[in-house]
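To keep things clear, I will list the structure first and then write my remarks on it.
The values are calculated or read from the model by the stated rules, or taken from the named source; none is laboratory data. Being a predicted model, the structure only gives us computed values, none of them experimental. Here Cβ is always computed from backbone atoms with ideal geometry, including for glycine, and neighbour counts include all displayed protein chains. When the accessible area is computed, the model is the full protein with side chains, heavy atoms only, and any ligands, DNA or RNA have been set aside. Shrake-Rupley method; radii C 1.70, N 1.55, O 1.52, S 1.80 Å.
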Amino acid sequence: MMNDEELLRQLADVFERYDPVPAGIGVDAVRAGLLAGSASSALVLVADGGGAVRGVGRLLGFAGPGGRIHVQIDAGVRLTGLVSGLMGSLLVRWPGGSRLVSVDSVGRFMVDGLPSGPLSVVVAGSVSPWFVG
């Protein structure tokens, strides 16, 4: 007699053989989860530079388990920043979409042409609160 675990494993094998998951759907599923806010940890706002400093836009700092993100918001809307302690690409999201951004080997990133309004960043499963860009 087959136990539940064996039955489920055989059923999964049948689905994988006759109706496999399309290539790339795993990446899309992770991205959808991030957009829905189901990431594993939250980043907390720890610094808000408020107004301009030497002609620079707003400066924000976020911290969470394992790392920090510092973001500068300039007119246009451009985000530049530094990620420390968190590895991976950075996802900038807004209510109507998102953009995946490369983070270089020392943690720097830059993205231009974002919509004005609410923005949030996601890196290594950590999500910042919404801020206005």
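Once the chain from R108 to V132 is taken as fully extended at 0.36 nm per residue, the excess over their C-alpha distance is 6.6 nm. Computed about its Cα centre, the charge dipole of the stretch 54-133 is approximately 100 debye, with only Lys, Arg, Asp and Glu carrying charge at their Cβ. Counting only protein heavy atoms and a 1.4 Å probe, the stretch 77-133 has 45 square angstrom of accessible area per residue. Taking amide H positions as placed in the peptide plane 1.01 Å from N, state which residues far from G133 in sequence (5 or more) or on other chains have amide H under 5 Å from it. Hits under the 5 Å cutoff: G117, L119.
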